[in-house]
Amino acid sequence: MKTLREKMAKMREEMVPLADLPALKQQNDEKTNRLSVERVDCQNRQAATRTQLKESEIEYNAVKGELESMDPYIQLTILERRLASIEQNNYSLLEFVASKRAEVDYGTVKGQVMHTIYEYNKRLMELSLAGRATL
């Protein structure tokens, strides 16, 4: 019951601004007029912006056509393609060299061979000392 009374009181408070219907209509009319003026302004700006965009596109295409017909631009384009090709070849060669280095990694084999040579030399020295001792 208490919550019902609170709800009714709240509704009455909310109805106070709605009771002044002429003021609400006036506010609505003012807002409608303001939004209409803003819409017209936006439409005018949109038309002006579209015109500027078309002019800019025409100017851009003219400059682009002029640039593409220039000899240095053509040479630069050819050189850029050659550079891209050379970079790709360089990358391929670097990968090839890296793979071959991985295949020919003789570090472990070198260590084993050096150890075996050391053992042979040690054994030869022992045999040579033993041979001298028997003489």
Scanning the stretch 66-80 residue by residue, those surrounded by 10 or more Cβ atoms within 10 Å (Cβ to Cβ) and not hydrophobic (A, V, I, L, M, F, W, C) turn out to be E66, E68, Y73, Q75, T77, E80
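Whether any residue in the stretch 94-112 is basic (K, R), within 41 Å of the chain's Cα centre (by Cα), part of a helix (DSSP H, G or I) and at pLDDT below 90 is what I want to check.
Yes - at least one qualifying residue is present in the stretch 94-112.
The values are calculated or read from the model by the stated rules, or taken from the named source; none is laboratory data. This one's a predicted model, so the numbers in the text were calculated from it and none came from an experiment. Note that each Cβ is placed from the backbone with ideal geometry, even for glycine, and that neighbours are counted across all protein chains shown.
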